[in-house]
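As structure tokens, the structure follows; a few thoughts come after it.
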Amino acid sequence: MKIANNILVFIFFACMISCKQNHNYTSNVEISSDADSLRYRLRILDTYSDSIYKIDEKGKSEILIEKKLYVLDSCFGSPKDFMKLVNHVKKRDDILNKPNDVSLKTFIKIKNIKNLYEQIWVRSEPLFPSHDQLSGENKLIYGLPDTRVDLSEYSVNYNNRTADGIKISFHDTTSDQGYKIYMLNFVRHEDSWILVSRERLNTLKNDSNREPLGYCYDTINANCNTRFKKGEVIYIHNEMMYDLTNEKCY
């Protein structure tokens, strides 16, 4: 009995150590008190000029991801306020059948040397309404986009030098048959953000968009702007994310 108890104690502490190690491994990501926001600490220094972003003692910049619900240009709260938003929209005849007027916006901000979060990237997803035909009622149903956004450090050979940048990943998990991940890779150069490449990972065998199965990489962005100057907000539109113009798939 004593041996059995010792084994149980050993397993318990082994699990505790394992959990702690996993937590430390993801310590560069902090979930704030608001579940609809994430904070990252990543290296995004520009090797060509002094960084305008605040760097902590570990040589990392603090980045904030926030998700907000919008009706036209007015913020309605975070995704946890979704049902309140739906009830509000049902009373608005002027926007009831205009899905682009109701959206989920993802803001990616970096803390600058003035200790303020500077807005860099914005992704807007409309909340498309549909009619409930099963109940026989003309009732609008709004769906909240199930897209997870995360960040990671990214290094690339840019202008014959290794540049530190950011990989922004959009995980589309709306299908139970698989998933897609769209990735945008940015580096900083002379106070500008440069979109240097895009990636896609598709595991959907029956893809309605007919995108190739597997991993695809694209370094040419013929149909969208690739350089964004200081102070310019980068709007991540569908063309930027999905239109891989010269993709190589593996």
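The lone criterion from (1) modelled with pLDDT under 50; (2) of a type outside the set (Val, Ile, Thr); (3) surrounded by 10 or more Cβ atoms within 10 Å (Cβ to Cβ); (4) under 30 Å from Leu144 (Cβ atoms) left unmet by Cys15 is number (4). When residues in the stretch 173-193 are screened for being buried (at least 20 other Cβ atoms within 10 Å of the Cβ) and β-branched (Val, Ile, Thr), 1 of them pass. Only a single criterion out of (1) under 25 Å from Glu57 (Cβ atoms); (2) in a loop (DSSP other than H, G, I, E, B); (3) touching a strand residue (DSSP E or B) at 6+ places or on another chain (Cβ under 8 Å); (4) not acidic (Asp, Glu) is not satisfied by Ile110, namely (2). Filtering the stretch 202-212 for residues that are part of a strand (DSSP E or B) and either within 19 Å of the chain's Cα centre (by Cα) or within 27 Å of Asn112 (Cβ to Cβ) (or both) leaves a non-empty set.
Here is a check on your reading of the model: is Lys230 farther than 28 Å from Lys109 by Cβ and among the basic types (Lys, Arg)? Answer is no for this residue. Across the stretch 181-192, the qualifying residues are those that are of a type outside the set (Val, Ile, Thr) and at pLDDT 90 or above, and the one among them that is farthest from Asn206 (Cα to Cα) is Phe186.
In the stretch 201-250, of all residues being exposed (fewer than 11 other Cβ atoms within 10 Å of the Cβ) and of a type in the set (Gly, Ala, Ser), the one that is modelled with the highest pLDDT corresponds to Gly231. Please determine whether any residue of the stretch 78-99 is among the hydrophobic types (A, V, I, L, M, F, W, C), part of a loop (DSSP other than H, G, I, E, B), modelled with pLDDT of 85 or more and surrounded by fewer than 17 Cβ atoms within 10 Å (Cβ to Cβ). Within the stretch 78-99, not a single residue is among the hydrophobic types (A, V, I, L, M, F, W, C), part of a loop (DSSP other than H, G, I, E, B), modelled with pLDDT of 85 or more and surrounded by fewer than 17 Cβ atoms within 10 Å (Cβ to Cβ).
Whether a residue is surrounded by 16 or more Cβ atoms within 10 Å (Cβ to Cβ), touching a Cys at 6+ places or on another chain (Cβ under 9 Å) and either closer than 28 Å to Asp36 by Cβ or modelled with pLDDT of 85 or more (or both) was assessed, and Arg198 passes this test.
Of everything in the stretch 142-172 that is over 13 Å from the mean Cα position of the chain (by Cα) and assigned to a loop (DSSP other than H, G, I, E, B), the residue that is surrounded by the most Cβ atoms within 10 Å (Cβ to Cβ) is Leu144.
Within the stretch 174-196, no residue that is closer than 16 Å to Arg161 by Cβ and free of Cβ contacts under 8 Å to residues at least 24 places away in the same chain sits with its Cβ atom under 6 Å from a residue that is part of a loop (DSSP other than H, G, I, E, B) and among the basic types (Lys, Arg) at 6+ positions apart or across chains. Just give me the residues in the stretch 40-56 being surrounded by 15 or more Cβ atoms within 10 Å (Cβ to Cβ), of a type in the set (D, E, K, R) and either modelled with pLDDT of 65 or more or out of contact with any strand residue (DSSP E or B) (no Cβ under 8 Å at 6 or more places or on another chain) (or both), in sequence order. Within the stretch 40-56, Arg41, Arg43, Lys54 meet the criteria. Is at least one residue of the stretch 149-172 among the hydroxyl-bearing types (Ser, Thr, Tyr), farther than 30 Å from Asp81 by Cα and at pLDDT 80 or above? Taking every residue of the stretch 149-172 in turn, at least one turns out to be among the hydroxyl-bearing types (Ser, Thr, Tyr), farther than 30 Å from Asp81 by Cα and at pLDDT 80 or above. The residue pairs whose first member lies in the stretch 153-173 and is closer than 17 Å to Arg200 by Cβ, whose second member is in a loop (DSSP other than H, G, I, E, B), and whose beta carbons are closer than 8 Å, counting only pairs six or more residues apart or on different chains, are Ile168/Ile236; His171/Tyr179; Asp172/Asp146; Asp172/Tyr179; Thr173/Asp146; Thr173/Tyr179.
The values are calculated or read from the model by the stated rules, or taken from the named source; none is laboratory data. Just so it is clear, the structure is predicted and the values come from calculations on it, not from any experiment. Glycine also receives a Cβ, built like all others from the backbone with ideal geometry; neighbour counts cover every protein chain displayed.
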